[in-house]
Amino acid sequence: MVSMRDIQRRRTSVSNIGQITKAMKLVSTVKLQKTRARAEQAKPYFEKMYRTVAHILSRSGQVNHPYLHAGDSKKKCIIAITSNRGLAGGYNSGVEKLVTASGFDPEDVELVTIGRKGKEFFERRGYSVRGDYSDVINNPMYSDAIQICGEVLKAFAEKEIGEIYVAYTAFKNTVVHTPVLMKLLPVEFTEEEIEAGTQKTHAREEALHTPMNYEPDEEESLDIIIPKYVTSILFGALIEAAASENGARMQAMDNATSNAEEMIEKLSLQYNRARQSSITQELTEIIAGAEAIS
């Protein structure tokens, strides 16, 4: 039978852990509020950029542009966004499983990692890490997205890589976070996406009775807009990933705190039973001793 001292020690240990997880939950809640507000404020810009590029491509016809066609290289660059710290439930494993289950040969994949957890995971599994920007995820800035995209687009233009993807966790709400693997280059849209993205613009053109014009020409416009599009999508992914990380950590710490409270209740009950058993045993020994003397 477990002694009362051992039960007391374990209860104290669980109580201390519960206090830590509760504090971490509060910190994650505050961070989540900030990152969620930031993601919600920036989302209209990213959606507008997406619609703009979809509209241009729908009106560009068969434009021969390097951003619209895969390069000669079979290498695929994946920008994998994870966290620098653990204790976030299945947040990191979602992105890691998404990349490993993508069907890409690890020998044909070059990773740009944002987050130490992802970097360590992929290196252990033999993936090549082209670059690491783990510090970016602590406080994502648009300038960080510009720097990362500049390096990746340069490699794409020099035909070192043929395709560019981003793997991140999309933020739906506090509870729902969805891992996403999105293709950035070559730019591809389905007919449904293009139609949805250009519906408002078509209506506006019809109302104004104006034709579609490019100034400068289509190829120059794509040279300017598509890098901005890629940068915007990456920055949006960074913001959503930060919000998802804090949401996942808050949820994980809330569950851990609840589990600690339940365990403390069970240990308290077990301690009281052991204490009662000990008292009963002492009384029995005292009574037996008294009877033996008399």
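The values are calculated or read from the model by the stated rules, or taken from the named source; none is laboratory data. As the structure is a computational prediction, the values presented were derived from the model and not from experiment. Ideal geometry is used to build each Cβ from the backbone, glycine not excepted, and the neighbour counts take in all protein chains shown.
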Check whether at least one residue in the stretch 188-207 is within 30 Å of ASN92 (Cβ to Cβ), modelled with pLDDT of 80 or more and either in a helix (DSSP H, G or I) or charged (D, E, K, R) (or both), and report yes or no.
no
Matching residues in the stretch 143-171 (more than 25 Å from GLU245 (Cα to Cα) and either of a type in the set (Asp, Glu) or under 23 Å from the mean Cα position of the chain (by Cα) (or both)) number 6
Going through (1) in contact with a Leu (Cβ under 8 Å, 6 or more places away or on another chain); (2) closer than 20 Å to ASP72 by Cα; (3) in a helix (DSSP H, G or I) one by one, ASP144 fails only at (2)
In the set ILE79, ILE137, ILE161, the lone residue that is in a loop (DSSP other than H, G, I, E, B), among the hydrophobic types (A, V, I, L, M, F, W, C), touching a strand residue (DSSP E or B) at 6+ places or on another chain (Cβ under 8 Å) and in contact (Cβ under 8 Å) with a residue 40 or more places away in the chain is ILE161
Those residues of the stretch 122-134 that are within 15 Å of the chain's Cα centre (by Cα) and either of a type in the set (A, V, I, L, M) or assigned to a helix (DSSP H, G or I) (or both) come to a total of 1
Cβ pairs under 7 Å, 6+ apart or interchain, first in the stretch 12-38 and over 17 Å from ALA170 (Cα atoms), second surrounded by 14 or more Cβ atoms within 10 Å (Cβ to Cβ) and hydroxyl-bearing (Ser, Thr, Tyr), ordered by first then second residue, are GLY18/THR257; THR21/THR257; LYS22/THR257; LYS25/THR257
Taking first residues from the stretch 168-185 that are farther than 16 Å from VAL152 by Cβ and second residues anywhere that are among the acidic types (Asp, Glu), the pairs with Cβ under 8 Å that are 6 or more apart or on different chains are THR169/GLU240; THR169/GLU245; ALA170/GLU240; PHE171/GLU240
Going by the conditions given, is GLY94 surrounded by 15 or more Cβ atoms within 10 Å (Cβ to Cβ) and modelled with pLDDT of 90 or more? yes
Scanning the stretch 168-186 for residues that are closer than 18 Å to THR231 by Cβ and buried (at least 24 other Cβ atoms within 10 Å of the Cβ) gives TYR168, LEU184, LEU185
When restricted to VAL129, VAL152, the only residue crowded, with 17+ Cβ neighbours inside 10 Å and of a type in the set (A, V, I, L, M) is VAL152
Taking the stretch 112-134 and keeping only residues that are of a type in the set (A, V, I, L, M, F, W, C), in contact (Cβ under 8 Å) with a residue 24 or more places away in the chain and out of contact with any Cys (no Cβ under 7 Å at 6 or more places or on another chain), one is left with ILE114, PHE121, PHE122
Per the filter on the stretch 236-279, residues among the hydroxyl-bearing types (Ser, Thr, Tyr) and over 13 Å from ILE17 (Cα atoms) are SER244, SER268, TYR271, SER277, SER278
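Does THR52 count as assigned to a helix (DSSP H, G or I), crowded, with 16+ Cβ neighbours inside 10 Å and touching a Gly at 6+ places or on another chain (Cβ under 9 Å)?
On the way: assigned to a helix (DSSP H, G or I): yes; crowded, with 16+ Cβ neighbours inside 10 Å: yes; touching a Gly at 6+ places or on another chain (Cβ under 9 Å): yes.
Taking the combined requirement at face value, the residue satisfies it.
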When restricted to TYR50, TYR91, TYR127, the only residue closer than 20 Å to PRO227 by Cα and hydroxyl-bearing (Ser, Thr, Tyr) is TYR50
Taking the stretch 218-258 and keeping residues among the basic types (Lys, Arg) and out of contact with any Gly (no Cβ under 8 Å at 6 or more places or on another chain) leaves LYS228
